[in-house]
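Chemist: Below are the structure tokens for one structure; questions will follow.
The values are calculated or read from the model by the stated rules, or taken from the named source; none is laboratory data. Every value quoted in this text rests on a predicted model; they were computed, and no experiment measured them. Cβ atoms come from the backbone with ideal geometry, glycine included; neighbour counts cover every protein chain shown. Keep in mind that these areas ignore ligands, DNA and RNA; they rest on the heavy atoms of the full protein, side chains included. Shrake-Rupley method; radii C 1.70, N 1.55, O 1.52, S 1.80 Å.
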Amino acid sequence: MLKKFAYSASSVLVGSSILFQTLSPLTSPAFAQQSKILEQNAAAKKKENNQTLQLLELFGDVFDKVRDIYVEPVSDKQLIESAINGMLTSLDPHSGYLDKKAFDDIRVQTRGEFGGLGIEVTMDKGLVKVVSPIDDTPAYNAGIKAGDFISHIDGQAVLGLTLNEAVEKMRGPVKTKVKLTILRENESEPMEVILQREVIHIKSVKSHAEGDIGYVRITSFSEQTFDGLKHDLDKLNKDIGQGKMKGLVLDLRNNPGGLLDQAIAVSDAFLDAGEIVSTRGRTKESIKRFNAHKGDLINGLPMVVLINQGSASASEIVSGALQDHKRAVVMGTKSFGKGSVQTVIPLTGDSAMRLTTSRYYTPSGRSIQAEGIKPDIAVEAAKIEPIDEKFFNSEAQLKGHLSNPTNPNADKAKPSAHENQPDSSLRKRVGDKLKESLDKNGKDKDNKTPDEPVYGKDYQLSRAVDLLRGIAVYKTSNK
């Protein structure tokens with residue numbers, strides 16, 4: 001018996017030793033700490049679930065009371081849709097609920113044709129803020145500018161309305177009118193503008209030749225944009241002459257954005273390789289990188305991209321990509337700073353929600369959210385006026401000046417009748433002539449074709465064209 005007991009005890013000891021070795025990590029302080037964290041997480045999750053249930057019960061109580069005792073009858077559909085919209089719009093200014101009509105409108109808008117006034121808007125400080133007027137629309141023709149605030153629509157205050165409600169009030173049957181009250185920086189009094197609603201046909205790409213410099217303006221990024229860009233670049237090459245174009249101005253001023261895939265395609269059109277943009281969000285699906293493919297549609301010609309505070313979202317993707325790759329000089333003023341991506345998610349009942357799902361980053365890793373793209377060369381918008389100089393002296397007008405040995409006729413040019421006149425009226429006459437050809441909004445009265453050169457009327461464009469011509473001269477002189 002003693003032998004048996006001893007054997008048995010030995011077995012137990014050996015077994016205990018093995019058991020101790022196996023469990024020793026589980027009884028270590030690290031394991032105890034880990035177990036405590038797991039327990040705390042489980043308790044926190046349970047508490048959170050309980051709070052969620054309580055809040056849902058609270059929502060149900062409010063819903064029942066509003067439906068039963070609100071001063072006027074309200075449908076369940078209206079209450080639930082308003083609650084959903086309130087949840088989404090509280091997240092950020094770009095998320096929101098789209099009922100069937102709004103969902104249909106946004107699908108039509110991305111195809112490049114829709115009804116309305118022609119302005120891209122957001123909410124800011126409780127008011128509707130104009131991100132950008134769209135070219136050749138009622139809002140643009142009435143002189144509404146990026147940065148304007150809309151405080152009243154047909155006399156009703158915007159304060160208290162959601163963005164969708166405000167937009168809905170601005171929409172209406174074609175040929176009907178709407179009155180907007182506009183607040184503008186540096187203007188002491190509100191301005192009232194009466195606009196007539198029209199069907200907005202957007203040609204997202206426009207172009208013309210500024211001599212030997214190509215000019216392409218993209219007004220928004222719709223399904224037609226990249227195809228329009230290719231078409232207009234081919235046309236510019238034919239108009240200027242194959243191989244004679246010295247540079248390109250890509251005008252993204254007052255471009256409110258649009259489709260991400262079109263912004264990527266436009267960037268890719270001028271890049272041979274490298275990242276164009278990346279998007280990063282919480283889900284694995286939202287983390288994406290988009291790279292350029294070989295092939296530059298203008299074969300490396302110098303470029304200037306024009307931007308201003310009305311350049312937002314997709315237009316910032318293009319300008320940021322071309323800036324980071326040193327493919328273009330970005331000129332103008334700082335852009336709007338919308339560095340987020342919205343996904344339109346279809347829901348039941350032909351409705352949808354527009355939800356911010358990621359931020360986008362330029363190739364160098366910059367997030368421009370609320371910061372914007374800063375131009376390489378800052379150029380404020382300005383009016384060009386001739387300077388009224390009192391004297392127009394030159395060497396040729398000086399008595400006894402030396403003759404020109406290579407051009408005998410250089411000193412025979414007679415001075416202008418307006419030279420040497422202290423009270424010259426040249427400035428007034430030139431200014432009057434310019435005013436005759438422009439209406440109060442600075443547009444051509446006779447609505448001339450957009451192919452007409454605007455060099456000299458547009459200061460920022462003039463600077464861009466001059467820069468490209470300077471680059472061309474420098475390259476020629478260094479060959």
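Chemist: Length gain on complete extension for the stretch V71 to A44, per 0.36 nm per residue less the alpha carbon to alpha carbon distance? Don't skip to the answer; put the middle values down first.
Modeler: Numbers: separation 27, 0.36 × 27 = 9.72 nm, distance 4.06 nm.
Full extension of this stretch gives 5.7 nm more.
Chemist: Here's another thing I want to ask about it. So if we plug the beta-carbon distance of Q156 and L55 into 1/(1 + (r/R0)^6) with R0 = 45 Å, what FRET efficiency do we get, rounded to 0.05? Write down the numbers at each step before the final one.
Modeler: Working: r = 33 Å, r/R0 = 0.74.
That gives a FRET efficiency of 0.85.
Chemist: On to the next question. Restrict the search to region 308-401; then list the chymotrypsin sites (Phe, Trp or Tyr not before Pro) that DSSP places in a loop and that have at most 13 other Cβ atoms within 10 Å of their Cβ. Intermediate results must be reported in sequence, preceding the final value.
Modeler: On the way: sites: F336, Y360, Y361, F391, F392; in loops: F336, F391, F392.
Sparse-neighbourhood loop chymotrypsin sites (Phe, Trp or Tyr not before Pro): F391.
Chemist: Counting only residues 5 or more places away or on other chains, whose amide H sits under 5 Å from the amide H of I200 once H atoms are built in the peptide plane?
Modeler: F114, G115, G116
Chemist: Extending each Cα 7 Å along its Cβ direction at E380 and E395, get the distance between those two points in nm, one decimal.
Modeler: 3.7 nm
Chemist: While we're here: Ordered by residue, what ³J(HN,Hα) values in Hz, to whole numbers, does region 271-282 give under the Karplus form 6.51 cos²θ - 1.76 cosθ + 1.60, where θ = phi - 60° and Gly and Pro are x?
Modeler: 10, 9, 6, x, 6, 9, 7, 10, 10, 9, x, 7
Chemist: By how many nm would the segment from R366 to R171 grow when fully extended, if each residue of separation counts as 0.36 nm and the alpha-carbon distance is taken off?
Modeler: Between R366 and R171, full extension yields 66.5 nm more.
Chemist: Okay, next question. Could you tell me what percent of the accessible area of region 69-222 is made up of carbon and sulfur, with a 1.4 Å probe and every protein chain present? Please report the intermediate quantities before stating the final value.
Modeler: Working: 4080 of 7560 Å².
Result for region 69-222: 54 percent of the exposed heavy-atom area is carbon or sulfur.
Chemist: Just to check I understand the Karplus step: with θ = phi - 60° and J = 6.51 cos²θ - 1.76 cosθ + 1.60, what whole-Hz values come out for region 364-373, glycine and proline as x?
Modeler: Those phi angles translate into 7, x, 7, 9, 9, 4, 6, 10, x, 8 Hz.
Chemist: Could I ask something else about it? Quick one: which residues, 5+ away or cross-chain, put their amide H under 5 Å from the amide H of S207? H built at 1.01 Å from N.
Modeler: Result for S207 returns R217.
Chemist: Continuing with this model, one more query. Return the sequence-ordered ³J(HN,Hα) values of region 140-156 in whole Hz as given by the Karplus equation 6.51 cos²θ - 1.76 cosθ + 1.60 applied to θ = phi - 60°, using x for Gly and Pro.
Modeler: Whole-Hz 3J(HN,Hα) from phi for region 140-156: 5, 5, 7, x, 5, 10, 4, x, 5, 10, 9, 9, 9, 10, 6, x, 8.
Chemist: Tell me the net charge near N255. Cut-off is 11 Å between Cβ atoms, N255 excluded, with +1 for each Lys or Arg and -1 for each Asp or Glu.
Modeler: Details: positive: R217, R253; negative: E120, D135, D251, E316.
Result for the local shell: -2.
Chemist: With just the Cα atoms defining each centre, how far is region 258-305 from region 42-95? Give it in Å.
Modeler: 41 Å
Chemist: Then there is this: Using the C-alpha atoms of region 181-237, what convex hull volume per residue, in cubic angstrom, is computed?
Modeler: Given the Cα convex hull of region 181-237, per-residue volume reads 149 Å³.
Chemist: Name the shape class, rounded, prolate or oblate, that the alpha-carbon gyration tensor gives for region 113-259, where a ≥ b ≥ c are the square roots of its eigenvalues, rounded holds for a/c under 1.5, and otherwise prolate holds if a/b is larger than b/c and oblate otherwise.
Modeler: Details: a/c = 2.72, a/b = 2.22, b/c = 1.23.
Verdict is prolate for region 113-259.
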